[in-house]
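One structure is given below, encoded as C-alpha cells.
What follows is calculated from the coordinates using simple rules that are stated; it is not laboratory data. For clarity, every value in this text was computed on a predicted model and none was experimentally measured. We place every Cβ from the backbone using ideal geometry, glycine too, and count neighbours over all the protein chains shown.
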Amino acid sequence: MKVWCATGNPGKLREFRLAGSVLGIEIEPLPDLKSIEAPEETGATFEENACLKAAYYSRFAPGILFADDSGLEVDALGGEPGVLSARYAGGAGDDANNELVLERLGDNPHRTARFVCVIAVAEAGVVKATFRGTVEGEILHEIRGGGGFGYDPMFYYPPFGCSFGEVDGERKFAVSHRGEALRKMLGWLG
Ligand code: IMP
C-alpha cells in the first residue's frame, strides 16, 4: 500500500519513511510540495492544524494523503510552545526554539513535558480520520545529543535514561508520539 505524506520537515519525513519501511507501507512525500503554497496554520489545536493541512494538500495527491501537526507541551509553561512549536522563537529555527524554552523554564524544578502528534488522513479534500499520539518526558537543563530534530536534544525520556537526541531514529519511533499516531493510522487503513 502507498500513502502520500505532506510534510516539508526533513526530520519528520525521515521518521515516517523509516517507520514505513519497518511496518511495510510505502510512504511517499507529496511531489512538488515546495511549489505548492503552504496553507496558514491558523488552528488553535494540533487536530485543527493537522486537518487543515491534510484537507488542503490531499487535493494535490493522487490517492490517500496524511499530514501531521505536532509539538512540545511544557507543563510549567502552561502547555507552550504547543501549536507554536515550529515558530516559538519567531521562525529563527530549532536552536533558537530550544534556547527560548530553556530560558523561560530557567531553574524551575517542574520540568514535565510531552510531545504530541496528530495525524489527519484525507482524500480529495475531505478528512477521513485523525489519530493522536503522545510521549511523556522531562526538559533537561541543557541540550544533550546531536541526533533527531527540533526539541529532541533537550527532551529526556526516563525509560531510556537519555534524551531523544541521543537515540537512533528507530528506537525513538518505537516509543514516540509520531510512532504511536502512525501505528494507529496503519491499523485504521488495514
Ligand atoms: P509542525 O510542522 O507545525 O507540526 O511543527 C512541528 C514542530 O514541533 C517541529 O518543528 C519541532 O519543533 C517540534 N516537534 C514535533 N515533533 C518533534 C519531535 O519528534 N522531536 C522534536 N521536536 C518535535
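Is it the case that region 59-66 has a residue that's assigned to a strand (DSSP E or B), within 25 Å of ALA129 (Cβ to Cβ) and either touching a residue at least 40 places away in the same chain (Cβ under 8 Å) or in contact with a helix residue (DSSP H, G or I) (Cβ under 7 Å, 6 or more places away or on another chain) (or both)? So far as region 59-66 goes, yes, one or more of its residues are assigned to a strand (DSSP E or B), within 25 Å of ALA129 (Cβ to Cβ) and either touching a residue at least 40 places away in the same chain (Cβ under 8 Å) or in contact with a helix residue (DSSP H, G or I) (Cβ under 7 Å, 6 or more places away or on another chain) (or both). Listed by first and then second residue, the pairs linking a residue in region 1-28 that is farther than 16 Å from ALA86 by Cβ and in contact (Cβ under 8 Å) with a residue 40 or more places away in the chain to a residue that is of a type in the set (Phe, Trp, Tyr) and part of a helix (DSSP H, G or I), with Cβ atoms under 6 Å apart and 6 or more places separating them unless they lie on different chains, are CYS5/PHE16; ALA19/PHE173.
Restricting region 170-183 to residues that are in contact (Cβ under 8 Å) with a residue 60 or more places away in the chain and more than 10 Å from the ligand (Cβ to nearest atom) leaves a set whose member that is farthest from VAL116 (Cα to Cα) is GLU170.
Close Cβ contacts (under 7 Å, 6 or more residues apart or on different chains) running from residues in region 69-87 that are over 21 Å from GLU40 (Cα atoms) and of a type in the set (Val, Ile, Thr) to residues that are more than 6 Å from the ligand (Cβ to nearest atom) and not in a helix (DSSP H, G or I) comprise VAL74/GLU80; VAL74/ALA113; VAL74/ILE139. Among the residues of region 73-107, those that are over 21 Å from VAL135 (Cα atoms) and either away from the ligand (no atom under 12 Å from the Cβ) or in a loop (DSSP other than H, G, I, E, B) (or both) comprise ALA89, GLY90, GLY91, ALA92, GLY93, GLU99, GLU103, ARG104, GLY106, ASP107.
Just wondering, is there one or more residues in region 34-57 that are assigned to a strand (DSSP E or B), more than 23 Å from TRP188 (Cα to Cα) and away from the ligand (no atom under 11 Å from the Cβ)? The answer is no, given that none of the residues of region 34-57 is assigned to a strand (DSSP E or B), more than 23 Å from TRP188 (Cα to Cα) and away from the ligand (no atom under 11 Å from the Cβ). Is there a residue in region 135-154 that is of a type in the set (D, E, K, R), in contact with a strand residue (DSSP E or B) (Cβ under 8 Å, 6 or more places away or on another chain), without any contact (Cβ under 8 Å) to a residue 24 or more places away in the chain and in a loop (DSSP other than H, G, I, E, B)? Scanning region 135-154, I find at least one residue that is of a type in the set (D, E, K, R), in contact with a strand residue (DSSP E or B) (Cβ under 8 Å, 6 or more places away or on another chain), without any contact (Cβ under 8 Å) to a residue 24 or more places away in the chain and in a loop (DSSP other than H, G, I, E, B), so the answer is yes. Inspection of region 2-20 finds no residue satisfying the criterion of being more than 18 Å from GLY179 (Cα to Cα) and either of a type in the set (Phe, Trp, Tyr) or surrounded by 14 or more Cβ atoms within 10 Å (Cβ to Cβ) (or both). Quick check: anything in region 83-99 farther than 20 Å from PRO10 by Cα, in contact with a strand residue (DSSP E or B) (Cβ under 9 Å, 6 or more places away or on another chain) and among the polar types (S, T, N, Q)? No: zero hits.
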